[in-house]
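Below is one structure, written out as structure tokens; the observations come after it.
Nothing in this text is a laboratory measurement; each read-out follows from the coordinates by a stated rule. This one's a predicted model, so the numbers in the text were calculated from it and none came from an experiment. In this analysis, Cβ positions are derived from the backbone assuming ideal geometry, glycine residues included, and neighbour counts consider all displayed protein chains.
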Amino acid sequence: MATLTTTPRADGFYMPAEWAPHSQTWMVWPERPDNWRLGGKPVQAAHVALAKAIARFEPVTVAVSAAQFANARARLDAPNIRVVEISNDDAWVRDTGPTFVIDGKGQVRGVDWAFNAWGGFNGGLYSPWNRDEELAAKVLEIERCDRYHTPGFVLEGGSIHVDGEGTVITTEECLLNANRNPHLNREQIEAVLRDHLAVDTVIWLPEGLYNDETDGHVDNFCCYVRPGEVLLAWTDDPKDPNYPRCQAAMKVLQSTRDARGRTLVVHKMPIPGPLYATEEECAGVDQAAGSQERNPSVRLAGSYVNFLIVNGGIIAPSFDDPLDATAEAILRQVFPGHEVVMVPGRELLLGGGNIHCLTQQQPA
Ligand code: KQY
């Protein structure tokens with residue numbers, strides 16, 4: 001397929017909101033033993049449950065390494081799930097897959113951002129990451145989608161949320177981090193977002209959730225639920241390290257107008273826990289040079305905001321936490337037209353992210 005030298009905006013393409021109709025959702029099979037405990041077996045079971053939950057609403061394609069193909073194919077035994085072989089470094093297709101853009105007339109293309117494993121050699125989470133860097137282009141080949149490539153611009157899909165009507169929300173903690181695009185200033189980064197997502201307004205939250213190893217991805221902290229309305233992870237506890245983060249985000253969201261001139265309605269979503277990995281869970285993760293250390297004293301960045309919107313449904317994580325029922329009720333309230341399905345998110349969280357990070361919707 002063609003690699004284009006123009007930009008989506010110049011060609012009349014834009015990133016649609018997640019609630020726009022999907023043709024499918026992409027996932028990548030988790031297996032790396034220095035991120036997933038016990039050789040990935042517990043998370044693979046959680047991944048199967050997640051894929052099957054999504055497949056009730058729309059087709060799912062799971063990319064898997066050659067070594068795990070037979071295992072994944074056997075376990076993902078649902079008619080709506082396709083399994084294809086793509087080599088990869090880990091399962092975070094939100095960040096390694098393409099950001100799909102549409103023209104509103106039936107054409108779909110993809111933006112293939114540069115990927116440096118969340119910070120390269122300055123705080124990145126694993127090395128090497130070359131197979132993940134190549135994953136977006138391979139997905140676009142399979143889908144026969146033309147590709148916009150930004151080799152000089154690092155971005156992960158989890159660091160942006162759009163309303164499909166000209167506004168993107170992101171965080172300074174991630175996009176202005178020296179380990180992403182240190183050669184660009186805020187205005188230059190905004191220009192790349194405007195050209196590749198076709199947005200007019202960039203809303204900058206100062207930070208994401210405390211201890212998020214992605215450097216504060218917005219998709220673990222704040223998301224759109226419809227144009228003009230967002231859902232923000234929230235705590236009222238001044239002793240919680242998330243407290244100043246939530247306050248700062250609220251201040252920005254309440255004082256901002258979006259691209260259509262709207263003030264934003266902010267819904268609050270409580271933060272589960274605090275959640276921690278157990279000694280046993282940490283001991284199950286292989287130690288490898290350059291990979292993330294797992295330690296039971298380090299608070300996990302658990303969040304109910306890390307959900308996926310699918311055709312007619314919301315697929316959200318549960319944590320065996322007393323707040324699970326509250327989270328489900330809030331999701332039902334803010335998405336009255338969707339069926340809310342909670343799936344176990346703890347094993348996913350132990351690897352450093354959750355449902356939204358592990359999925360990538362492809363618009364219809
Ligand atoms: O949350 C994400 N978007 C990615 C998390 C990567 C964690 C790697 N251990």
Which percent of Cα-Cα pairs in region 229-271 sits in each 5 Å bin, short to long?
-> 5, 24, 30, 20, 12, 6, 2, 0
Full extension from Asp103 to Phe69: what is 0.36 nm times the residue separation minus their Cα-Cα distance, to one decimal in nm?
-> 8.8 nm
For the chain, inverting the pair-averaged 1/r of distinct alpha-carbon atoms gives a Kirkwood value in Å of 20.2 Å
HN-Hα J in Hz across region 191-204 - Karplus 6.51, -1.76, 1.60, θ = phi - 60°, x for Gly and Pro = 5, 5, 5, 4, 6, 9, 9, 6, 10, 10, 10, 10, 9, 9
Answer with one residue from Pro42, Leu197, Trp29: the one whose Cα lies farthest towards the positive end of the charge dipole of the chain, charges on Cβ with Lys, Arg +1 and Asp, Glu -1.
-> Leu197
Please give, to one decimal in nm, the separation of the simple spin-label points placed at Ala178 and Ala288, each 7 Å out from Cα toward the Cβ.
-> 2.8 nm
Which lysines have a Cα lying under 21 Å from the Cα of Lys41, excluding residues fewer than 8 positions away in the same chain?
-> Lys52
Using the number of other C-beta atoms within 10 angstrom as an exposure proxy, rank Phe121, Phe153, Phe13, Phe115 with the fewest first.
-> Phe121, Phe153, Phe115, Phe13
Can you grab the distance from the C-alpha centre of region 164-220 to the C-alpha centre of region 279-327, Å, no decimals?
-> 23 Å
Name the lysines eligible as straight-distance cross-link partners of Lys251: C-alpha to C-alpha under 21 Å, and not fewer than 8 places from it in the same chain.
-> Lys239, Lys268
Each residue of region 175-184 in turn: what ³J(HN,Hα) in whole Hz from Karplus with 6.51, -1.76, 1.60 and θ = phi - 60°, glycine and Pro shown as x?
-> 6, 9, 5, 4, 8, 10, 10, x, 7, 10
Please list the non-local residues whose amide H lies under 5 Å from the amide H of Met269, H modeled 1.01 Å from N, same-chain partners needing a gap of 5 or more.
-> Leu232, Ala233, Trp234
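Over region 240-364, what is the mean sequence separation of C-alpha contacts under 8 Å (at least six apart), divided by residue count, expressed as relative contact order in percent?
21 percent
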Would you work out which of Val334, Leu348, Leu323 lies farthest towards the positive end of the dipole of the chain, given +1 charges on the beta-carbon of Lys and Arg and -1 on that of Asp and Glu, about the Cα centre?
-> Val334
When Met250, Met342, Met27 are ordered from fewest to most other Cβ atoms inside 10 Å of their Cβ, what list results?
-> Met250, Met342, Met27
Would you calculate the separation in nanometres between label points at Ser297 and Gln188, each defined as 7 Å from the Cα along the Cα-to-beta-carbon direction?
-> 4.0 nm
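How much length is gained on full extension from Glu229 to Asp200, taking 0.36 nm per residue of separation minus their Cα-Cα distance?
Value of the extension gain: 8.7 nm.
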Measure off 7 Å from each Cα along the Cα-to-Cβ vector at Gln333 and Thr263, then give the distance between these two points in nanometres to one decimal.
-> 2.0 nm
Hz values of 3J(HN,Hα) by residue in region 135-147 - Karplus curve (6.51, -1.76, 1.60), Gly and Pro given as x = 5, 4, 4, 6, 4, 5, 4, 4, 8, 6, 9, 5, 10
On full extension of the chain, what length is gained from Ala10 through Ile142, given 0.36 nm per residue of separation minus the C-alpha to C-alpha distance?
-> 45.1 nm
Pull up all non-local amide H partners of His22: gap of 5 or more, or a different chain, and H-to-H distance under 5 Å with H placed in the peptide plane.
-> Asn311, Ala364
